[in-house]
1. Which one of Ala70, Ala18 is assigned by TED's automatic domain parsing to the domain that holds Ile144, more than 21 Å from Glu139 (Cα to Cα) and without any contact (Cβ under 8 Å) to a residue 40 or more places away in the chain?
2. Given the conditions (1) of a type outside the set (A, V, I, L, M); (2) surrounded by fewer than 22 Cβ atoms within 10 Å (Cβ to Cβ); (3) touching a strand residue (DSSP E or B) at 6+ places or on another chain (Cβ under 6 Å), which single one is not true for Thr73?
3. Starting from the stretch 163-175, take each residue that is on the phi > 0 side of the Ramachandran plot and list its partners that are at pLDDT below 95 and in a loop (DSSP other than H, G, I, E, B), counting only C-beta distances under 8 angstrom and pairs at least six apart or across chains.
4. Considering only the stretch 143-162, I want to know if a residue exists there that is crowded, with 19+ Cβ neighbours inside 10 Å and more than 16 Å from ligand 1 (Cβ to nearest atom).
5. Would you check which residues across the stretch 38-67 are assigned to a helix (DSSP H, G or I), of a type in the set (A, V, I, L, M) and in contact (Cβ under 8 Å) with a residue 40 or more places away in the chain and list them?
6. If you check Tyr196 against the conditions, is it of a type outside the set (A, V, I, L, M, F, W, C), farther than 30 Å from Leu24 by Cβ and either surrounded by 14 or more Cβ atoms within 10 Å (Cβ to Cβ) or within 16 Å of ligand 2 (Cβ to nearest atom) (or both)?
7. Can you pull out every residue in the stretch 136-151 that is touching a residue at least 24 places away in the same chain (Cβ under 8 Å) and in a helix (DSSP H, G or I)?
Amino acid sequence: MATGSGMRTLEEWLEEAAAFHGHLCPGQILGVRMALLGCRLLGLNPEDPADRRRLIVYVEIDRCLTDAIATVTGCRLGRRTLKHIDYGKAAATFVDTRTGQAVRIVARDDARETALHLAPPGLSKAAAQRHAYRIMSDEDLFRIHRVQVAIPPEDLPGHPLRRVFCARCGEGINDGREVIQNGQVLCRACAGEPYYTPLEAPR
Ligand SMILES: [Zn+2]
Ligand SMILES: [Zn+2]
């Protein structure tokens with residue numbers, strides 16, 4: 001099946017996605033198709049390195065489909081081009097940083113049901129989804145809307161804009177993630193938002 005946005009077929013993208021992710025799950029198919037659709041709606045070719053460099057993607061979940069989106073778009077957490085917004089939703093927003101155009105795509109909750117009806121009987125749920133997610137229309141898989149994303153300068157790729165040190169733990173903090181409390185510069189952990197409980201001081 002041709003993807004419409006380049007020379008690569010859906011199956012070729014899926015092969016690459018499965019290699020990166022570790023297995024070919026329904027989420028890989030959904031994520032590859034979501035990313036191809038996002039690129040197409042923005043008029044960008046995911047096979048063109050110049051087009052890929054224009055993309056920033058906000059993913060709203062840290063599950064299988066996130067890896068597939070990273071494969072197709074080339075966006076990476078470590079390059080600040082893949083942003084995880086922890087909404088727990090199978091959704092992502094694709095931003096063209098050159099034009100400012102952005103489109104948010106949400107996987108339809110009823111796509112799972114549709115998939116089970118479309119697949120040949122006797123398949124497991126996952127196998128049915130793997131079959132159907134390849135052939136279902138974009139409209140049956142996704143809801144789409146244009147959105148606007150104001151990306152703060154301190155969230156953009158490139159060198160850190162600034163770096164300060166926490167007055168309590170002394171650790172360095174990049175790009176404005178510090179908190180000012182009673183006139184003190186603190187990291188978010190020391191300011192009262194730790195995700196960990198220290199069992200000992202760092203050595
Ligand atoms: Zn998976
Ligand atoms: Zn601190």
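1. Working: Ala70 fails: without any contact (Cβ under 8 Å) to a residue 40 or more places away in the chain.
Answer to the selection: Ala18.
2. (2)
3. Listed pairs, sorted by first residue: Asp175/Pro160; Asp175/Leu161; Asp175/Arg162.
4. So the first thing to find is which residues in the stretch 143-162 are crowded, with 19+ Cβ neighbours inside 10 Å, and the list is none.
The answer is no; no qualifying residue exists.
5. Keep residues of the stretch 38-67 that are assigned to a helix (DSSP H, G or I), which gives 38-42, 49-52, 64-67.
Those still in the list that are of a type in the set (A, V, I, L, M) too: 41-42, 50, 65.
Listed by number, the residues that qualify are Leu41, Leu42, Leu65.
6. Details: of a type outside the set (A, V, I, L, M, F, W, C): yes; farther than 30 Å from Leu24 by Cβ: yes; either surrounded by 14 or more Cβ atoms within 10 Å (Cβ to Cβ) or within 16 Å of ligand 2 (Cβ to nearest atom) (or both): yes.
So Tyr196 fits the description; yes.
7. First pass over the stretch 136-151, keeping only residues touching a residue at least 24 places away in the same chain (Cβ under 8 Å): 136, 138, 140-149, 151.
The answer is Asp138, Asp140, Leu141.
The values are calculated or read from the model by the stated rules, or taken from the named source; none is laboratory data. Keep in mind that what you see is a predicted model, and the values were worked out from it rather than measured. Cβ: placed from backbone, ideal geometry, glycine included. Neighbour counts: every protein chain shown.
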